[in-house]
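The values are calculated or read from the model by the stated rules, or taken from the named source; none is laboratory data. Because the structure is predicted, anything quoted here is derived from the model rather than measured. Note that each Cβ is placed from the backbone with ideal geometry, even for glycine, and that neighbours are counted across all protein chains shown. Ligands, DNA and RNA are stripped out before the accessible areas are found, and what is left, the full protein with its side chains, is counted by its heavy atoms. Shrake-Rupley method; radii C 1.70, N 1.55, O 1.52, S 1.80 Å.
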Amino acid sequence: MHSSSSRSRPLAPNSGAPAPGVADATTAGHVTFESVRDHPRVRIYVRSADQALAEIGYTEHGERHVGLVAHIAFNVLKRLGHPEREAELAAIAGYLHDIGNAVNRDHHAQTSAVMAMQLLADMGMPDVEIVQVMGAIGNHHENDGDPVSPVAAAVILADKSDVHRTRVRNPDMIRFDIHDRVNYAVERSFLNVDEGAKRITLELTVDTAISQVMEYFEIFMTRMVASRKAAKYLGTSFGLTVNGNRLT
Ligand SMILES: [Fe+2]
Ligand SMILES: [Fe+2]
């Protein structure tokens, strides 16, 4: 929906056309988040991607994960005063960001982006929005991705914040690897967006009897670096709290 709120970002001056991602003059004809989430092809892609990752021993990447990433990415941009449509594009990118795992874990960000392009074009999304979504999806991975737009930054922050007990598929603790242990130890994770202080904080509640905080850093350092970069792109700082203690 078009927003006349003073908190919305201004359109690009003298462009004669809406800036990328802010084509929010009307919601009529927009490809909505719900229509993407409920598309039969998307259901198959998301479930197949999760199944493929289950086969190779990865944590949960199904409807719970991508639904959460979509929700958080939307909220990050909304809370920071970005236009509604831009936040919705972040939600769509968040929901589709891992579908490429159905093809291969390697380069899945880029594969997901190309799969999303075909889907969204078939659904009638304009190219100016499709490239926004593709850029965000293709840059979500911490090893080879960068916050190239607000939509991309929001998806990075949302994806990296999903660390939680429910992502561990095999409850047999004796067979846990370090990823399972760290995920299982996290009883609560919440991405707190403080728009007033311009600060985004990942708040974790960790059972240190299961995993030491050092283990968290061992495997999540690159994620934290990616989150800090994304937060900076959005004009905010990034912080981490574990059991109420601020670590960064
Ligand atoms: Fe991914
Ligand atoms: Fe993901």
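In the set (1) under 15 Å from the mean Cα position of the chain (by Cα); (2) away from ligand 2 (no atom under 16 Å from the Cβ), the condition left unmet by Ser35 is number (1). The lone criterion from (1) at pLDDT 85 or above; (2) open to solvent by 60 Å² or more (accessible area, probe 1.4 Å); (3) out of contact with any strand residue (DSSP E or B) (no Cβ under 8 Å at 6 or more places or on another chain) left unmet by Met214 is number (1).
Rundown of residues vs (1) small (Gly, Ala, Ser); (2) crowded, with 23+ Cβ neighbours inside 10 Å; (3) within 15 Å of ligand 2 (Cβ to nearest atom), yes/no style:
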{"site": "Lys78", "(1), (2), (3)": "no, no, no"}
{"site": "Leu89", "(1), (2), (3)": "no, yes, no"}
{"site": "Tyr95", "(1), (2), (3)": "no, yes, yes"}
{"site": "Thr111", "(1), (2), (3)": "no, no, yes"}
{"site": "Met115", "(1), (2), (3)": "no, no, yes"}
{"site": "Leu119", "(1), (2), (3)": "no, no, no"}
{"site": "Asp127", "(1), (2), (3)": "no, no, no"}
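The set of residues in region 48-76 that are away from ligand 2 (no atom under 13 Å from the Cβ), more than 21 Å from Lys198 (Cα to Cα) and part of a helix (DSSP H, G or I) comprises Ser48, Gln51, Ala52, Ala54, Glu55.
Among the residues of region 42-63, which ones are open to solvent by 70 Å² or more (accessible area, probe 1.4 Å) and modelled with pLDDT of 95 or more? Across region 42-63, the qualifying residues are Arg43, Ile44, Arg47, Gln51, Glu63. With respect to (1) within 14 Å of ligand 1 (Cβ to nearest atom); (2) within 24 Å of His30 (Cα to Cα), the lone exception for Ala52 is condition (2). Does Gly100 qualify as being within 11 Å of ligand 2 (Cβ to nearest atom), on the phi < 0 side of the Ramachandran plot and either open to solvent by 10 Å² or more (accessible area, probe 1.4 Å) or out of contact with any His (no Cβ under 6 Å at 6 or more places or on another chain) (or both)? The answer is no for Gly100.
Counting only residues that are in contact with a helix residue (DSSP H, G or I) (Cβ under 6 Å, 6 or more places away or on another chain) and either on the phi > 0 side of the Ramachandran plot or among the β-branched types (Val, Ile, Thr) (or both), region 187-217 holds 4 of them.
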